[in-house]
Structures are given as C-alpha cells and as structure tokens.
Amino acid sequence: MLRAASLRVTAPRLAVLSAVHHQPHAETDVIIGRVRESLGTVSQQAVYDVLRVLTDAGLLRRIQPMGTVARYETRVGDNHHHLVCRSCGVIVDIDCAVGDAPCLTVPDDQGFVIDEAEVIYWGLCPDCSSSRSLP
C-alpha cells in the first residue's frame, strides 16, 4: 500500500497502518499507544506526522464527528458514512444510503466539483438504548 502510494516503507508508517487497521475509528492517543507497544519509544509528533502523510496519500481517512476528537480509519475509497452513539461514543461504519452515492447529487452544487459527502447519523447504540429502557 505504501509503495503503491509512492511512499517509503518505514516502521512508523507500518505501525500506524496496523494500529488503525486493527482498531478502526481510533483516537490519536489510542493509535500512539498501539504504535509504542509495537515500536517502543516514538514521539507523539512522529505519529501525528505519519497520520497526516497517510491521510494525504489516501491510505487513511480522518473523521471528526461534532464534539469529538479526530479519529482514523483504513476504509477509504468508498463513500460510506458513520453511526455515532450519543451516550458511549462508539462509531460504526454504514454504507451509503442507497445505490451509487446518492448523497453526492445536490440540487445546486454552486460550481463545486463534489467528490465526497460526509453524513453522520446520531443516536443510541443497542447497548445504550437497552440500558436506558431498564428501570
């Protein structure tokens, strides 16, 4: 993946990709912890730099639902969306609503060339909704 994106293969890049792959929607602090488990000592700035490079190269996607910290995922190249639990904060992927990215068709694009839409659904996950209905 790194070579295909014309990036050098380095231990920090591999460690970050692995961390995000194994824990989609992870916060930066979680990714830093996993990278340190894998490589030992590594600076926060080095991980931030790798996250930026991998995101710019299209190998990672950065999401930041309102009121939350940035999170990263390896699911790129499609127009999927997210469900966010208002109570516990869990985030899960959801495929685009119907067909071929209908949310990319807007009544008036005002001259923009649209290539991505971000839709975030908010609610309660099954665990949180069932615990709220208990007496």
In nanometres, what is the gap between the two model label sites at ARG75 and THR28, each 7 Å from Cα along Cα-to-Cβ? 2.4 nm
If each K or R counts +1 and each D or E counts -1, the residues other than PRO12 whose Cβ falls under 11 Å of its Cβ total +2
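Report the charge-dipole magnitude of the chain in Debye, nearest 20, computed about the Cα centre from +1 at each Lys and Arg Cβ and -1 at each Asp and Glu Cβ.
Dipole size: approximately 640 debye.
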Along the charge dipole of the stretch 1-130, Cβ charges K/R +1 and D/E -1, which of THR55, SER43, ILE91 sits furthest on the positive end? SER43
Once the other residues with Cβ under 14 Å from the Cβ of GLY89 are scored (Lys, Arg +1; Asp, Glu -1), what is the net sum? -1
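Keeping all protein chains in place, calculate the accessible area per residue for the chain (probe 1.4 angstrom), answer in Å².
The answer is 64 Å² per residue.
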Give the range of the longest stretch in the chain that excludes all trypsin sites (Lys or Arg not before Pro) found in loop regions by DSSP and having at most 16 other beta-carbon atoms within 10 Å. 9-74
One finds, for THR41 and ARG62 with R0 = 22 angstrom and r their Cβ-Cβ distance, a FRET efficiency to the nearest 0.05 of 0.30
Once you have a ≥ b ≥ c as the square roots of the Cα gyration tensor eigenvalues for the stretch 32-89, tell me rounded if a/c is under 1.5, and otherwise prolate or oblate according to whether a/b is larger than b/c. oblate
Can you give the translational diffusion coefficient of the chain in µm²/s, computed by Stokes-Einstein from the Kirkwood radius over Cα pairs at 20 °C and 1.002 mPa s? 128 µm²/s
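The values are calculated or read from the model by the stated rules, or taken from the named source; none is laboratory data. Just so it is clear, the model here is predicted, and its values are computed rather than measured. Note that each Cβ is placed from the backbone with ideal geometry, even for glycine, and that neighbours are counted across all protein chains shown. Please note that ligands, DNA and RNA were not included when accessible areas were found on the heavy atoms of the full protein model with its side chains. Shrake-Rupley method; radii C 1.70, N 1.55, O 1.52, S 1.80 Å.
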